[in-house]
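One structure is given below, encoded as structure tokens.
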Amino acid sequence: MPSTLPIRRLVVAVVLSSTVLVSTTACGGETKSAQNVSPTSTAERQKLAKTRFVANAGLAAGAAYEWIVKPFKAGKFKKGADGRTAALVKAGLAGAFTYNRLKAATENAKGDPLLSKALAPLGSGIDSLKNLGSKLRKGDANDADVNQFQNVIGGVKDAGKSAGAPVVDQVPSASQLGG
């Protein structure tokens, strides 16, 4: 009987090793197939690019209108106006937010040839808004600065509309502005 015991151990060891080997190979195969997911088609990428563009441009337009254009027209930025400091801080945050979302929209537009072509002429106008947020926060903005915001936003909306991606203003929350 002593001679059969090592053979049993050997058989059990071989069976267990084979089981571990087969299960590891099976798991590895599943992992590989999950990693080999096919990329989205060009049409899907373009649709996503337009969707993202519309969302980012809409947030930029909503922020610019709600916290820059509207308070400016209401005289909230003038010296001595009630709530001037809060309005200037919000406008500064909105200016930085608007610039950030317009840059994101520009990047999104690169995924769609028609949208990219329509937005290309606006690149320098968007870049010119970079420091306008701090100018608003300091209270140094004037009519020309606010008009510049309106013109750039209007141009982006027109570019989106001409490329089949109409932009609708979406007012971001105050936490989105600060985030």
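Read-outs: derived from the displayed coordinates by stated rules, not from any lab. None of the values given here were measured: they were computed from a predicted structure. Cβ sites come from the backbone with ideal geometry, for glycine too, and all protein chains shown count toward neighbours.
For region 64-74, 3J(HN,Hα) computed residue by residue from phi via the Karplus equation (6.51, -1.76, 1.60; θ = phi - 60°) reads 4, 6, 5, 10, 10, 5, 4, x, 5, 5, 7 Hz, glycine and proline entered as x.
Among the listed pairs K70/K130; K110/K130; K79/K157, which have their C-alpha atoms separated by more than 30 angstrom in this model? In this structure, K79/K157 lie more than 30 Å apart at Cα. Put simply, when 126-138, 47-59 are sorted by average Cβ atoms within 10 angstrom per residue, most first, you get 47-59, 126-138.
Modelled this way, with points 7 Å down the Cα-to-C-beta line, the labels at N147 and Q176 are 2.9 nm from one another. Each other residue within a Cβ distance under 14 Å of G154 adds +1 if Lys or Arg and -1 if Asp or Glu, for a net charge of 0. Length, then width, then depth: along the principal axes, the Cα atoms of region 60-179 run 48, 28, 20 Å. Packing, as the average of other Cβ atoms within 10 Å across residues, places the peptides 160-167, 93-100, 139-146 in the order 93-100, 160-167, 139-146, highest first.
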